[in-house]
1. Among the aspartates and glutamates, which fall within straight-line cross-link reach of Lys71, defined as a Cα-Cα distance under 12 Å, with same-chain neighbours fewer than 8 residues apart omitted?
2. Mind checking the full-extension length gain between Phe94 and Lys32? Use 0.36 nm per residue of separation minus the Cα-Cα distance, one decimal, nm.
3. Using each residue's phi in region 101-107, evaluate 6.51 cos²θ - 1.76 cosθ + 1.60 at θ = phi - 60° and report the 3J(HN,Hα) Karplus result to the nearest Hz, with x for Gly and Pro.
4. When the Karplus curve 6.51 cos²θ - 1.76 cosθ + 1.60 is applied with θ = phi - 60°, which whole-Hz ³J(HN,Hα) does each residue of region 75-83 get, with x for Gly and Pro?
5. Could you tell me how far the Cα centroid of region 45-84 sits from the Cα centroid of region 27-41, in Å?
6. How charged is the neighbourhood of Leu109? Take every other residue with its Cβ under 9 Å from the Cβ of Leu109, and add Lys/Arg as +1 and Asp/Glu as -1.
7. If you count only protein heavy atoms with a 1.4 Å probe, what accessible area per residue comes out for region 33-120, rounded to a whole Å²?
8. Mind giving me the FRET efficiency for Val116 and Ala86? R0 is 22 Å, r the Cβ-Cβ distance, nearest 0.05 is fine.
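The values are calculated or read from the model by the stated rules, or taken from the named source; none is laboratory data. A quick note: this is a predicted structure, and the numbers were derived from the prediction, not measured. Because the Cβ atoms are built from the backbone with ideal geometry, glycine has one as well, and the counts that use them run over all protein chains shown. To get the accessible areas, we keep the full protein, side chains included, count just its heavy atoms, and leave off ligands, DNA and RNA. Shrake-Rupley method; radii C 1.70, N 1.55, O 1.52, S 1.80 Å.
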Amino acid sequence: MKKIIALVVSFFAALFSIQPAMASERAMQGWKLIEEGAVIVDVRTPAEFAQGHLEHALNYPVQELDKHVAKLNKDDMIVLYCRSGARVERAIQFLQSQGFTKLHNAGGLAELEQAVKATQ
């Protein structure tokens, strides 16, 4: 009986200790930069972009970024996102090699959407 009570108590303790997902720091910073007027670049594939994206985001897939780099201004702050943030790292390395310095990895789309909810 004591084992059952301990199990029930442990279950409810675990249940009530679950914290809601918090927006990541990089996404919160990314959203702040977007609100300040940063250019938003989604480096996912066109198919992923078509399934959902941030309003005003440009879709420059990382594997085609060299074709779009001339459309970006090196003086603009650029916030980049993908699904997880991994492709953004590759995009940032490429853009830095082209002379861009005002770049921010905001992580994944879900992270940014969570950051939006956290600011509302």
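1. Excluding near neighbours in sequence, the set is empty.
2. Here the answer is 19.9 nm.
3. Couplings: 10, 9, 10, 9, 8, 8, x Hz.
4. 7, 7, 6, 10, 9, 10, 8, 9, 8
5. 13 Å
6. -2
7. Heavy-atom SASA per residue in region 33-120 reads 54 Å².
8. Details: r = 21 Å, r/R0 = 0.98.
Rounded to the nearest 0.05, the efficiency is 0.55.
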